[in-house]
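Written below as structure tokens is the structure these notes are about.
The values are calculated or read from the model by the stated rules, or taken from the named source; none is laboratory data. Note that the structure is predicted; figures quoted are calculated from it, not measured. We place every Cβ from the backbone using ideal geometry, glycine too, and count neighbours over all the protein chains shown. What goes into the accessible areas is simple: the full protein's heavy atoms, side chains included, and nothing from ligands, DNA or RNA. Shrake-Rupley method; radii C 1.70, N 1.55, O 1.52, S 1.80 Å.
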Amino acid sequence: MAEELMAKPTRARKTLGTLLGRRETDRLASRLFLLLSTVPLILFVVILAALVQRSWPIIQNHSLWDLLTGQVWKPAQGLFGFYPFIIGTIWVTVVAMVLAVPPCLLVAIYLVEYAHTPLRTVMKPLLDILASIPSVVYGVWGLVAIVPWVQSSLSPFLNRWLGFIPLFHTENPTGFSIIAGSIVLAVMVAPFIIAVTYEVMQTVPEGLRHASLAMGATRWQTVRYAVLPQTLPGILAGIVLGASRALGETMAVLMVVGNVAKVPASIFDPAYPLPALIANNYGEMLSIPLYDAALLGAALVLLLMVLIFNVASTLVLRQILRRSA
């Protein structure tokens with residue numbers, strides 16, 4: 001009996017020690033996770049600071065407004081206008097998303113709602129393979145297939161029948177153009193958009209679909225009024241992911257877009273996106289005063305464009321979630 005009474009305080013001390021040890025482990029784990037969570041933010045700040053520091057000479061010698069709105073790029077004469085490159089980046093990205101988003105959504109809807117299991121089993125790994133193909137391979141494909149097709153078929157056809165619309169009018173004799181780069185980009189971002197949309201739509205409970213069908217709705221009405229409203233924020237997130245990939249793509253676009261430093265007026269005009277400008281020129285002719293700073297200034301502008309786009313997209317998604325709540 002005395003031994004049992006002596007053992008009780010010992011057990012209590014062990015239990016207390018175990019609890020304190022668990023709490024200390026939880027604190028350490030929490031601090032570690034907090035540190036790991038701040039790494040992306042720290043990395044972004046470091047990259048931003050490095051770009052600002054390296055591009056500061058061009059900002060000191062030229063006003064920011066002149067850099068962003070200048071349309072002449074002649075480094076040898078000290079003229080560094082980013083406007084054609086900014087507009088070229090926006091043109092290629094917007095046209096690519098216009099081409100990519102509708103078919104991607106339809107493919108995802110078909111795979112989730114209509115396709116049989118064997119087809120899904122085949123298509124899902126195929127989409128993963130398409131997403132893993134290097135961008136230079138897409139660029140070569142665009143160079144040997146898309147550019148000649150745009151030059152010989154698409155451009156003459158649309159210029160003949162829709163040439164009265166400035167968007168489709170062209171005097172460019174080559175196929176190197178915004179539309180060629182946008183087609184390549186659309187194919188590149190399609191697997192990402194489809195994969196995200198597919199996974200999001202898979203999260204909708206089957207009971208919701210069955211309830212809609214039991215009420216007499218057709219399969220398409222079920223998708224339109226029951227499934228899509230539930231998954232709209234996730235679908236928009238997938239589109240944002242694809243657009244962010246398109247904004248920063250370099251090699252594939254560089255090979256097919258034409259790389260002419262002028263403001264385009266048509267989808268058949270050549271363009272010169274910011275990533276292509278940096279990849280084409282960095283490391284060459286850097287003996288020209290301020291050329292290095294100008295290229296790093298272009299990288300800074302591209303980083304800020306991607307940041308603004310993602311922040312704006314996040315705010316829109318939050319607004320949609322609040323309305324649907």
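Listed values, structure above:
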item: Residues that are farther than 25 Å from GLY258 by Cβ, without any contact (Cβ under 8 Å) to a residue 24 or more places away in the chain and aliphatic (A, V, I, L, M), drawn from the stretch 75-113; result: LEU106
item: Output for the stretch 245-260, where each listed residue is within 23 Å of the chain's Cα centre (by Cα) and part of a loop (DSSP other than H, G, I, E, B); result: GLU249, THR250, VAL257, ASN259
item: The stretch 212-229, residues that are surrounded by fewer than 16 Cβ atoms within 10 Å (Cβ to Cβ), over 13 Å from LEU105 (Cα atoms) and free of Cβ contacts under 8 Å to residues at least 60 places away in the same chain; result: LEU213, ALA214, MET215, GLY216, THR218, TRP220, GLN221, TYR225
item: Residue satisfying condition, being outside any helix (DSSP H, G or I) and either open to solvent by less than 60 Å² (accessible area, probe 1.4 Å) or on the phi > 0 side of the Ramachandran plot (or both), within set VAL204, VAL189; result: VAL204
item: Members of the stretch 53-76 found to be in a helix (DSSP H, G or I) and within 18 Å of ILE86 (Cα to Cα), listed by number; result: SER55, ILE58, ILE59, LEU64, TRP65, ASP66, LEU67, LEU68, THR69, PRO75
item: Helices (runs of 4 or more DSSP H) contained in the stretch 87-177 and holding at least 1 residues touching a Ser or Thr at 6+ places or on another chain (Cβ under 8 Å), of a type in the set (Ser, Thr, Tyr) and under 20 Å from ILE267 (Cβ atoms); result: 155-162
item: Filter result for the condition that a residue is under 21 Å from the mean Cα position of the chain (by Cα), modelled with pLDDT under 90 and either open to solvent by 80 Å² or more (accessible area, probe 1.4 Å) or not hydroxyl-bearing (Ser, Thr, Tyr) (or both), over ILE87, ILE129, ILE47; result: ILE129
item: GLY78 being closer than 22 Å to TYR272 by Cα and modelled with pLDDT under 90; result: yes
item: SER287, sole failed condition from (1) in a helix (DSSP H, G or I); (2) among the hydroxyl-bearing types (Ser, Thr, Tyr); (3) open to solvent by 40 Å² or more (accessible area, probe 1.4 Å); result: (1)
item: Residue check, LEU41 part of a helix (DSSP H, G or I), open to solvent by less than 50 Å² (accessible area, probe 1.4 Å), farther than 26 Å from SER177 by Cβ and not aromatic (Phe, Trp, Tyr); result: no
item: Test for VAL301: is it assigned to a loop (DSSP other than H, G, I, E, B) and under 22 Å from TYR83 (Cβ atoms); result: no
item: Among the candidates VAL306, VAL263, VAL316, residue that is in contact with a helix residue (DSSP H, G or I) (Cβ under 8 Å, 6 or more places away or on another chain), part of a loop (DSSP other than H, G, I, E, B), surrounded by fewer than 18 Cβ atoms within 10 Å (Cβ to Cβ) and aliphatic (A, V, I, L, M); result: VAL263
